[in-house]
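This report concerns only the one structure given below.
The values are calculated or read from the model by the stated rules, or taken from the named source; none is laboratory data. Because the structure is predicted, anything quoted here is derived from the model rather than measured. No Cβ is skipped: glycine too gets one built from the backbone with ideal geometry, and neighbour counts run over all protein chains shown.
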Amino acid sequence: MKHTLSVLVQNRFGVLARIAGLFSGRGFNIDTLNVSPTQDESLSRMTIVTHGDDAVLEQIEKQLMKLVEVVKVTHLTGSGFVSRELMLVKVRTDGNTRNDVIQFANIFKANVVNVEHESLVIEVTGPTAKLDAFVGLMERFGLVEVARTGRVAVARSSGPTEAIGPAGE
């Protein structure tokens, strides 16, 4: 099962490396990882998507909380959260296929952000399944390059979520 964790960390040198090392050192996989600053310049938020059973998730959460720089871990899966991903796709086009690619982009509410003679770069945002579907449609035209941010997520409400740490104990 996939799990989405929101991890609030102190914005210090090496925190990302320590968290990545924690996962790799214990044989856990990170499916996607997104890190960005928060409104408080001293903190950053990591959105980590991983997979495993409940025992694996519990072990990950416990190990994260042992790191001094980790302020709070919130398990978002199952608690009602909003998530989005951003993707840039460079698609091979020519005079015969350009309009078809643009029509598909419009259906997906995507934006064409760059036009070249032999390709288009398209920006798509939304749930992961939407991005996967768009990539599937574009494969027949010829994918030149795909870049994805990974999931970012927040809880739907300020109600109860599974928070671990000083703010959620």
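Annotations
- Within the option set Val73, Val56, being in the same structural domain as Gln10 (by TED's automatic domain parsing) and not in a helix (DSSP H, G or I) holds for one residue only, Val73.
- Residues that are under 14 Å from Val154 (Cβ atoms) and assigned to a strand (DSSP E or B), drawn from the range 25-47: Asn34, Ser36, Arg45, Met46, Thr47
- Among the numbered conditions (1) more than 20 Å from the chain's Cα centre (by Cα); (2) loosely packed, with under 12 Cβ neighbours inside 10 Å; (3) under 24 Å from Leu5 (Cβ atoms), the only one that Ile107 does not meet is (3).
- Only one entry of Thr38, Thr32 meets the criterion of being among the β-branched types (Val, Ile, Thr), surrounded by fewer than 16 Cβ atoms within 10 Å (Cβ to Cβ) and not assigned by TED's automatic domain parsing to the domain that holds Pro127, and that entry is Thr38.
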